[in-house]
Amino acid sequence: MVFCGRVNPITGSLDWIEEDENYDYHQEISRSSYADMLHDNDRNTKYYQGIRAAVKRVKERGEEAIVLDIGTGTGLLSMMAVRAGADYCYAIEVFKPMADAAVQIVKANGFGDKIRVINKHSTEVSVGSDGDMRQRANILITELFDTELIGEGALPSYEHAQHNLMQEHWEAVPHRATVYAQVVESHRLWSWNKLFSMHLDCGTIKPPPEMQSCPGAPSVCDVQLSQLSPGDFTPLSGIHVVFRVDFSKQVSSTPVSHIVSFRSLANGTAQVILSWWDIDMDPEATINCSMKPAWLYPPLHPVPWRDHWMQCVYFLPEEIKVTQGEDFSLVAHQDDYCLWYNLTKPSAADSPAESPACHCGSHIIWNRPRFGELNDQNRMEKYQEALKKVLRPGSVCLCVSDGSLLPIMAHFIGASQVFTLESSSMAHQLMDKDLWRIRSPCGSCEGFDVRIMDEMIKKSLDFRESQEAEPHPLWEYPCTALSDPTKLLTFDFRENIPTEDLKAEGSLNLVRSGVCHGVVLWMAYQLTEDTSISTGLLQLSEETGDCQWYPHSKQGIYFFTSPWTLEPSPTVSLNSIIYELTFKPQLGDLRMSFICKSSHSGS
């Protein structure tokens with residue numbers, strides 16, 4: 001059996017829950033992004049074009065085309081290579097369940113004699129008559145990239161493979177990668193990194209000086225920048241190339257700094273670096289796959305959908321005032337797994353700089369959405385309004401929180417005593433439709449049958465633990481509401497915690513036509529009779545069903561195994577979702593079931 005740590009909602013302590021021995025296995029498969037990548041048609045098409053071109057270049061030199069595919073997943077890129085004319089492929093996949101699936105998929109598509117799947121990390125692969133590879137390869141195909149490009153260890157993997165597994169000269173798909181960056185001022189994004197002074201009727205809540213001077217954490221914040229509006233930031237620099245990596249030459253994972261000189265485009269405060277990358281699949285750069293945000297595409301140009309690669313937000317260690325026309329140097333510090341930036345005058349660009357490290361504690365206990373939530377002026381004003389209605393002279397308050405500002409607010413409003421219980425010692429010191437693609441079955445991808453992978457993921461999704469709602473930030477994924485919001489469960493914090501299960505059942509009536517991919521769940525808190533805050537839906541267009549979601553919390557998404565189409569037909573129409581929810585107070589466990597009901601069939 002497997003024991004999993006769960007926070008007990010009654011006591012706050014960490015309890016160990018006994019789970020099925022296959023718990024970790026099913027979690028890893030059901031939460032994987034393999035299907036997400038296979039639904040990225042732009043990625044697949046560009047890879048296929050690049051692979052065909054690389055195989056052609058090798059063949060034109062009169063050589064056998066021997067492919068090394070690192071991180072093969074389903075074996076898709078290896079099958080593309082064989083279909084393009086490669087003589088043999090070595091497909092490396094370290095995750096055993098996916099490696100086993102790749103063996104079956106390769107065989108099912110008729111490539112078993114041309115592709116060997118190796119279930120190892122690429123650094124453990126041997127070459128020789130008795131090795132994993134009989135010979136070194138001359139075409140290197142990889143998809144080792146994350147949103148930051150190098151965050152999954154792409155550089156060390158390339159470095160080792162090129163030294164140990166490749167011939168003296170090789171082709172690479174992709175051929176090169178380019179990282180871009182832009183310096184901007186953005187109050188919205190900066191609110192995810194620093195605690196602002198909060199100006200309220202009851203007084204001004206100021207963060208402590210050590211929090212204001214803290215450089216924060218160097219970790220990247222990955223986000224769908226396409227969902228930012230032009231008013232969310234002010235460009236202070238152009239879009240600059242930070243560095244390039246040529247994968248057809250020897251790659252080095254040695255730490256290095258890249259200096260980009262620029263002249264400020266406007267007066268402002270430099271706070272944030274927006275960054276993304278693209279990959280050229282061929283040496284001539286005629287086959288390009290870009291991660292740039294939607295607002296950089298020409299009007300009416302189709303924007304590729306992808307969720308496994310987004311864009312990067314980096315926070316500078318400190319805000320820097322800039323004047324239009326002033327010269328600056330943006331310095332990108334790169335090691336083998338990550339990047340971080342600082343902004344200097346050109347004369348100081350070569351000065352050594354250490355990676356920023358949080359010394360105030362807030363960047364350790366709070367994530368980016370939590371910073372945004374604490375800086376939400378509208379939210380805090382609602383709490384202030386509610387506290388004014390319930391606090392009386394002599395009130396004694398108990399606040400159970402995790403770095404909340406409510407105790408300070410209660411004190412300002414007039415509570416005679418305020419006690420706060422913090423969940424950590426560090427906090428005590430501080431005082432849609434597109435989204436559904438990540439779970440959608442692929443069936444066929446670029447003409448290759450990958451239903452074996454679909455079935456493997458489905459079995460893991462059928463596992464009990466994977467039938468729950470998943471947290472996702474819906475503000476990044478435009479979606480349409482097909483039903484009106486419906487209250488499912490109510491928790492009254494003025495009453496004792498119930499000892500019996502809480503159950504709810506009913507139906508969500510669908511009022512708009514469209515394709516139904518899942519159900520969104522969120523919490524709304526009734527602070528007083530006439531004051532409430534929502535962690536989910538903020539605004540709903542009655543005409544179009546367009547949704548505005550609270551950006552500082554993730555919403556729970558219950559994905560259906562297949563989409564349901566709501567047809568505006570009087571005879572066949574899917575017009576409701578039947579739900580059953582059971583909340584177990586002692587475990588803090590919410591079980592749920594959502595079933596489509598057809599008014600035509602009555603089922």
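Tabulated results
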quantity: Carbon plus sulfur fraction of accessible area for region 204-292, probe 1.4 Å, in percent; calculated: 51 percent
quantity: Cross-link partners of Lys46 among aspartates and glutamates (Cα-Cα below 13 Å; sequence separation of 8 or more within a chain); calculated: Glu143, Asp278, Asp280, Asp282, Glu446
quantity: For the chain, accessible area per residue (1.4 Å probe, heavy atoms of protein chains only), Å²; calculated: 47 Å²
quantity: Region 32-182, accessible surface, carbon-and-sulfur percent (1.4 angstrom probe); calculated: 44 percent
quantity: Nearby lysines by direct alpha-carbon distance to Lys382 (threshold 25 angstrom, same-chain neighbours under 8 apart not counted); calculated: Lys194, Lys206, Lys487, Lys554
quantity: Straight-distance crosslink candidates among lysines, where the alpha carbon sits under 17 Å from Lys584 and sequence neighbours closer than 8 are dropped; calculated: Lys503
quantity: Rounded to the nearest 10 Å², the accessible area of Phe583 at probe 1.4 Å; calculated: 40 Å²
quantity: Segment Ser395-Asp87, extension gain: residue separation times 0.36 nm, minus the distance between their alpha carbons; calculated: 102.9 nm
quantity: Within the accessible area of region 334-403 (1.4 Å probe), percent carbon and sulfur; calculated: 53 percent
quantity: Separation in nanometres of the label points that stand 7 Å from Cα toward Cβ, at Leu587 and Asp201; calculated: 4.5 nm
quantity: Value of [θ]222 nm, deg cm²/dmol, for the chain, DSSP H segments ≥ 4, -39500 (n - 2.57) each, nearest 500; calculated: -5500 deg cm²/dmol
quantity: Spin-label proximity, Glu529 to region 481-507 - amide N less than 20 Å from point 7 Å beyond Cα toward beta carbon; calculated: 491-495
quantity: Whether region 493-545 is rounded, prolate or oblate, judged on the alpha carbon gyration tensor where a/c under 1.5 counts as rounded; calculated: oblate
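The values are calculated or read from the model by the stated rules, or taken from the named source; none is laboratory data. What you see is a predicted model, and the numbers here were worked out from it, not measured in a lab. Here Cβ is always computed from backbone atoms with ideal geometry, including for glycine, and neighbour counts include all displayed protein chains. For accessibility, only protein heavy atoms count, side chains too; no ligands or nucleic acids. Shrake-Rupley method; radii C 1.70, N 1.55, O 1.52, S 1.80 Å.
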